[in-house]
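Structure first, then comments.
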(Lines give C-alpha, C1' and ligand atoms only; values in the text may rest on other atoms or scores of the structure.)
Protein backbone atom coordinates (compact mmCIF):
# COMPACT_ATOMS: atom_id res chain seq x y z
CA UNK A 1 0.00 0.00 0.00
CA UNK A 2 1.41 3.39 -0.94
CA UNK A 3 2.31 5.78 1.82
CA UNK A 4 0.93 9.31 1.98
CA UNK A 5 4.22 10.67 0.64
CA UNK A 6 4.04 8.21 -2.29
CA UNK A 7 0.49 9.27 -3.03
CA UNK A 8 1.43 12.92 -2.87
CA UNK A 9 4.18 12.36 -5.46
CA UNK A 10 1.65 10.68 -7.75
CA UNK A 11 -0.49 13.80 -8.15
CA UNK A 12 -1.39 14.67 -11.74
CA UNK A 13 0.53 17.03 -13.97
CA UNK A 14 -2.04 19.72 -13.18
CA UNK A 15 -0.91 19.62 -9.55
CA UNK A 16 2.70 20.40 -10.58
CA UNK A 17 1.51 23.85 -11.63
CA UNK A 18 -0.21 24.30 -8.26
CA UNK A 19 1.90 27.02 -6.58
CA UNK A 20 1.32 25.66 -3.09
CA UNK A 21 2.26 22.11 -4.08
CA UNK A 22 5.28 23.34 -6.03
CA UNK A 23 6.43 25.29 -2.97
CA UNK A 24 6.13 22.14 -0.87
CA UNK A 25 7.91 19.92 -3.40
CA UNK A 26 10.75 22.30 -4.21
CA UNK A 27 11.20 23.93 -0.81
CA UNK A 28 14.18 23.34 1.45
CA UNK A 29 14.54 20.03 3.24
CA UNK A 30 12.80 19.93 6.62
CA UNK A 31 15.01 21.39 9.31
CA UNK A 32 16.27 19.26 12.12
CA UNK A 33 17.03 16.00 10.27
CA UNK A 34 18.49 13.67 12.86
CA UNK A 35 21.34 11.26 12.98
CA UNK A 36 21.99 8.68 15.63
CA UNK A 37 24.87 10.74 17.00
CA UNK A 38 22.84 13.94 17.40
CA UNK A 39 21.95 15.02 20.94
CA UNK A 40 18.33 14.95 21.96
CA UNK A 41 16.19 17.99 22.71
CA UNK A 42 12.47 18.68 22.47
CA UNK A 43 12.66 20.35 19.06
CA UNK A 44 14.55 17.44 17.51
CA UNK A 45 12.10 14.96 18.99
CA UNK A 46 9.11 16.90 17.65
CA UNK A 47 10.66 17.16 14.18
CA UNK A 48 11.41 13.43 14.24
CA UNK A 49 7.78 12.77 15.18
CA UNK A 50 6.57 14.90 12.27
CA UNK A 51 8.88 13.05 9.89
CA UNK A 52 7.71 9.69 11.29
CA UNK A 53 4.01 10.56 10.85
CA UNK A 54 4.70 11.86 7.33
CA UNK A 55 6.29 8.54 6.39
CA UNK A 56 4.35 5.96 8.41
CA UNK A 57 1.10 7.62 9.51
CA UNK A 58 -0.21 8.66 12.90
CA UNK A 59 -1.50 5.21 13.87
CA UNK A 60 2.01 3.78 13.68
CA UNK A 61 3.55 6.36 16.03
CA UNK A 62 4.61 5.06 19.44
CA UNK A 63 7.25 6.32 21.84
CA UNK A 64 9.20 3.10 21.31
CA UNK A 65 9.21 3.42 17.53
CA UNK A 66 10.07 7.10 17.70
CA UNK A 67 12.94 6.35 20.06
CA UNK A 68 14.17 3.69 17.68
CA UNK A 69 14.31 6.17 14.78
CA UNK A 70 16.41 8.43 17.01
CA UNK A 71 18.69 5.60 18.13
CA UNK A 72 17.62 5.76 21.78
CA UNK A 73 15.35 3.90 24.16
CA UNK A 74 11.82 5.22 24.50
CA UNK A 75 12.46 6.21 28.12
CA UNK A 76 15.07 8.73 26.95
CA UNK A 77 12.30 10.74 25.26
CA UNK A 78 10.32 11.31 28.44
CA UNK A 79 12.81 13.87 29.70
CA UNK A 80 11.63 16.18 26.92
CA UNK A 81 8.06 14.97 26.22
CA UNK A 82 6.15 13.62 29.24
CA UNK A 83 4.05 11.29 27.10
CA UNK A 84 2.38 10.68 23.76
CA UNK A 85 -0.34 13.29 24.32
CA UNK A 86 2.25 15.99 25.00
CA UNK A 87 4.15 14.78 21.95
CA UNK A 88 1.09 15.17 19.70
CA UNK A 89 0.32 18.61 21.12
CA UNK A 90 3.91 19.61 20.43
CA UNK A 91 3.71 18.31 16.85
CA UNK A 92 0.61 20.44 16.21
CA UNK A 93 2.18 23.54 17.74
CA UNK A 94 5.40 23.13 15.78
CA UNK A 95 3.62 22.64 12.47
CA UNK A 96 1.28 25.62 12.94
CA UNK A 97 4.12 27.88 14.07
CA UNK A 98 5.82 27.44 10.68
CA UNK A 99 3.32 30.04 9.45
CA UNK A 100 5.56 32.63 11.08
CA UNK A 101 8.63 31.40 9.21
CA UNK A 102 9.78 32.96 5.95
CA UNK A 103 11.39 29.88 4.44
CA UNK A 104 8.99 29.39 1.55
CA UNK A 105 8.83 32.85 0.08
CA UNK A 106 7.08 36.16 0.48
CA UNK A 107 3.55 34.93 -0.25
CA UNK A 108 3.47 32.60 2.78
CA UNK A 109 4.90 34.89 5.44
CA UNK A 110 1.96 36.64 7.12
CA UNK A 111 3.65 39.44 9.04
CA UNK A 112 4.58 41.81 6.21
CA UNK A 113 1.16 41.96 4.59
CA UNK A 114 -0.39 44.90 2.78
CA UNK A 115 -3.89 44.88 4.25
CA UNK A 116 -6.46 42.46 5.55
CA UNK A 117 -7.26 40.94 2.14
CA UNK A 118 -3.59 40.23 1.48
CA UNK A 119 -3.25 38.82 5.00
CA UNK A 120 -6.13 36.36 4.46
CA UNK A 121 -4.72 35.24 1.11
CA UNK A 122 -1.25 34.68 2.59
CA UNK A 123 -2.69 32.86 5.59
CA UNK A 124 -4.85 30.59 3.45
CA UNK A 125 -1.93 29.60 1.23
CA UNK A 126 0.31 29.14 4.27
CA UNK A 127 -2.17 26.74 5.88
CA UNK A 128 -2.65 24.90 2.60
CA UNK A 129 1.08 24.41 2.20
CA UNK A 130 1.25 22.99 5.71
CA UNK A 131 -1.52 20.54 4.81
CA UNK A 132 0.18 19.56 1.54
CA UNK A 133 3.59 19.19 3.17
CA UNK A 134 2.22 17.13 6.08
CA UNK A 135 -1.07 15.53 5.00
CA UNK A 136 -0.81 12.79 7.63
CA UNK A 137 -0.19 15.41 10.35
CA UNK A 138 -2.93 17.81 9.30
CA UNK A 139 -5.78 15.75 10.83
CA UNK A 140 -4.07 16.34 14.19
CA UNK A 141 -4.16 20.08 13.52
CA UNK A 142 -7.85 19.70 12.79
CA UNK A 143 -8.76 17.58 15.81
CA UNK A 144 -6.52 18.13 18.85
CA UNK A 145 -8.22 19.93 21.77
CA UNK A 146 -7.46 23.66 21.44
CA UNK A 147 -6.05 26.02 24.06
CA UNK A 148 -9.51 27.50 24.59
CA UNK A 149 -12.95 26.12 23.64
CA UNK A 150 -13.61 28.89 21.12
CA UNK A 151 -10.32 28.43 19.24
CA UNK A 152 -11.25 26.82 15.93
CA UNK A 153 -8.96 24.62 13.88
CA UNK A 154 -6.94 24.92 11.80
CA UNK A 155 -6.22 28.48 13.09
CA UNK A 156 -5.64 27.01 16.50
CA UNK A 157 -2.90 28.97 18.26
CA UNK A 158 -3.66 31.96 20.47
CA UNK A 159 -0.91 33.89 18.70
CA UNK A 160 -2.52 33.23 15.33
CA UNK A 161 -6.07 34.14 16.43
CA UNK A 162 -4.73 37.33 18.02
CA UNK A 163 -2.99 38.20 14.75
CA UNK A 164 -6.14 37.46 12.72
CA UNK A 165 -8.44 39.56 14.89
CA UNK A 166 -5.94 42.41 15.16
CA UNK A 167 -5.41 42.57 11.40
CA UNK A 168 -9.14 42.69 10.62
CA UNK A 169 -9.87 45.24 13.34
CA UNK A 170 -7.07 47.44 12.01
CA UNK A 171 -8.70 47.09 8.60
CA UNK A 172 -11.97 48.59 9.86
CA UNK A 173 -13.87 45.50 11.03
CA UNK A 174 -15.91 45.74 14.23
CA UNK A 175 -15.28 43.14 16.91
CA UNK A 176 -18.47 41.34 15.91
CA UNK A 177 -17.51 41.36 12.22
CA UNK A 178 -13.95 40.18 12.94
CA UNK A 179 -15.22 37.27 15.04
CA UNK A 180 -17.74 36.32 12.34
CA UNK A 181 -14.96 36.45 9.74
CA UNK A 182 -12.74 34.26 11.93
CA UNK A 183 -15.48 31.65 12.20
CA UNK A 184 -16.36 31.65 8.51
CA UNK A 185 -12.73 31.69 7.39
CA UNK A 186 -11.65 28.84 9.70
CA UNK A 187 -14.62 26.73 8.55
CA UNK A 188 -13.69 27.38 4.92
CA UNK A 189 -10.08 26.35 5.50
CA UNK A 190 -10.89 23.29 7.56
CA UNK A 191 -13.41 21.91 5.10
CA UNK A 192 -11.27 22.44 2.03
CA UNK A 193 -8.02 21.21 3.55
CA UNK A 194 -9.42 18.11 5.24
CA UNK A 195 -11.04 17.14 1.95
CA UNK A 196 -7.79 17.72 0.09
CA UNK A 197 -5.58 15.68 2.43
CA UNK A 198 -8.17 12.90 2.34
CA UNK A 199 -7.94 12.85 -1.43
CA UNK A 200 -4.18 12.32 -1.24
CA UNK A 201 -4.50 9.42 1.18
CA UNK A 202 -4.43 10.91 4.69
CA UNK A 203 -6.28 9.12 7.48
CA UNK A 204 -8.67 11.65 8.98
CA UNK A 205 -10.44 9.53 11.57
CA UNK A 206 -10.01 10.99 15.04
CA UNK A 207 -7.40 8.86 16.75
CA UNK A 208 -6.66 8.89 20.47
CA UNK A 209 -8.64 12.03 21.17
CA UNK A 210 -8.53 13.15 24.82
CA UNK A 211 -11.45 15.12 26.16
CA UNK A 212 -9.30 18.08 27.10
CA UNK A 213 -9.15 19.85 30.44
CA UNK A 214 -12.12 22.25 30.85
CA UNK A 215 -10.59 23.78 33.96
CA UNK A 216 -7.34 24.53 32.14
CA UNK A 217 -9.28 26.04 29.27
CA UNK A 218 -11.22 28.29 31.63
CA UNK A 219 -7.98 29.45 33.25
CA UNK A 220 -6.22 30.32 29.99
CA UNK A 221 -4.24 33.52 30.57
CA UNK A 222 -5.18 36.09 27.93
CA UNK A 223 -3.23 38.97 29.47
CA UNK A 224 -0.86 39.10 26.48
CA UNK A 225 -3.69 38.91 23.94
CA UNK A 226 -5.80 42.07 24.17
CA UNK A 227 -7.92 41.36 21.09
CA UNK A 228 -8.73 37.89 22.36
CA UNK A 229 -9.49 39.19 25.84
CA UNK A 230 -11.87 41.83 24.53
CA UNK A 231 -13.73 39.52 22.16
CA UNK A 232 -13.78 36.34 24.26
CA UNK A 233 -17.54 36.64 25.07
CA UNK A 234 -18.28 36.89 21.34
CA UNK A 235 -15.94 34.03 20.50
CA UNK A 236 -17.61 31.86 23.12
CA UNK A 237 -21.07 32.14 21.60
CA UNK A 238 -22.28 28.97 19.89
CA UNK A 239 -23.57 29.92 16.42
CA UNK A 240 -22.81 26.60 14.72
CA UNK A 241 -26.33 26.01 13.41
CA UNK A 242 -26.75 29.57 12.14
CA UNK A 243 -23.32 29.51 10.48
CA UNK A 244 -24.16 26.25 8.75
CA UNK A 245 -27.37 27.72 7.34
CA UNK A 246 -25.60 30.94 6.32
CA UNK A 247 -22.82 29.00 4.56
CA UNK A 248 -25.34 26.81 2.76
CA UNK A 249 -27.39 29.83 1.69
CA UNK A 250 -24.28 31.59 0.42
CA UNK A 251 -23.27 28.53 -1.57
CA UNK A 252 -26.71 28.23 -3.15
CA UNK A 253 -26.68 31.93 -4.04
CA UNK A 254 -23.26 31.53 -5.64
CA UNK A 255 -24.38 28.52 -7.64
CA UNK A 256 -27.42 30.44 -8.84
CA UNK A 257 -25.22 33.31 -10.03
CA UNK A 258 -22.91 30.93 -11.88
CA UNK A 259 -25.88 29.21 -13.51
CA UNK A 260 -27.40 32.56 -14.50
CA UNK A 261 -24.10 33.74 -16.01
CA UNK A 262 -23.70 30.49 -17.93
CA UNK A 263 -27.21 30.74 -19.37
CA UNK A 264 -26.66 34.35 -20.44
CA UNK A 265 -23.33 33.55 -22.07
CA UNK A 266 -24.58 30.35 -23.69
CA UNK A 267 -21.57 28.50 -22.35
CA UNK A 268 -20.88 25.80 -19.80
CA UNK A 269 -20.80 26.43 -16.08
CA UNK A 270 -17.22 27.23 -15.16
CA UNK A 271 -15.29 26.71 -11.97
CA UNK A 272 -16.67 28.37 -8.86
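Report the residue count in the stretch 114-145 for those that are without any contact (Cβ under 8 Å) to a residue 24 or more places away in the chain and not in a helix (DSSP H, G or I).
1
Condition check: at pLDDT below 90, surrounded by 22 or more Cβ atoms within 10 Å (Cβ to Cβ) and assigned to a loop (DSSP other than H, G, I, E, B). Does residue 108 satisfy that?
On the way: at pLDDT below 90: yes; surrounded by 22 or more Cβ atoms within 10 Å (Cβ to Cβ): yes; assigned to a loop (DSSP other than H, G, I, E, B): yes.
Answer is yes for this residue.
Here are 206, 193: which of them is closer than 16 Å to residue 154 by Cα, modelled with pLDDT under 70 and touching a helix residue (DSSP H, G or I) at 6+ places or on another chain (Cβ under 7 Å)?
Details: 193 fails: modelled with pLDDT under 70.
Testing whether each residue is closer than 16 Å to residue 154 by Cα, modelled with pLDDT under 70 and touching a helix residue (DSSP H, G or I) at 6+ places or on another chain (Cβ under 7 Å) leaves just 206.
Each row is one residue, and each column tells you yes or no for (1) modelled with pLDDT of 70 or more; (2) outside the structural domain of residue 196 (by TED's automatic domain parsing); (3) exposed (fewer than 14 other Cβ atoms within 10 Å of the Cβ); (4) closer than 18 Å to residue 138 by Cα.
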residue	(1), (2), (3), (4)
12	no, no, yes, no
23	no, no, no, yes
35	no, no, yes, no
40	yes, no, no, no
47	yes, no, no, yes
61	yes, no, no, yes
69	yes, no, no, no
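Could you count how many residues in the stretch 161-183 are in a helix (DSSP H, G or I) and in contact with a helix residue (DSSP H, G or I) (Cβ under 7 Å, 6 or more places away or on another chain)?
First, the residues of the stretch 161-183 that are in a helix (DSSP H, G or I): 161-170, 175-183.
Narrowing the set further to residues that are in contact with a helix residue (DSSP H, G or I) (Cβ under 7 Å, 6 or more places away or on another chain) leaves 161-162, 164-169, 175-176, 178-179, 181-183.
Qualifying residue count for the region: 15.
The values are calculated or read from the model by the stated rules, or taken from the named source; none is laboratory data. Here the structure is a predicted model, which is why all the values come from computation and not from measurement. Here Cβ is always computed from backbone atoms with ideal geometry, including for glycine, and neighbour counts include all displayed protein chains.
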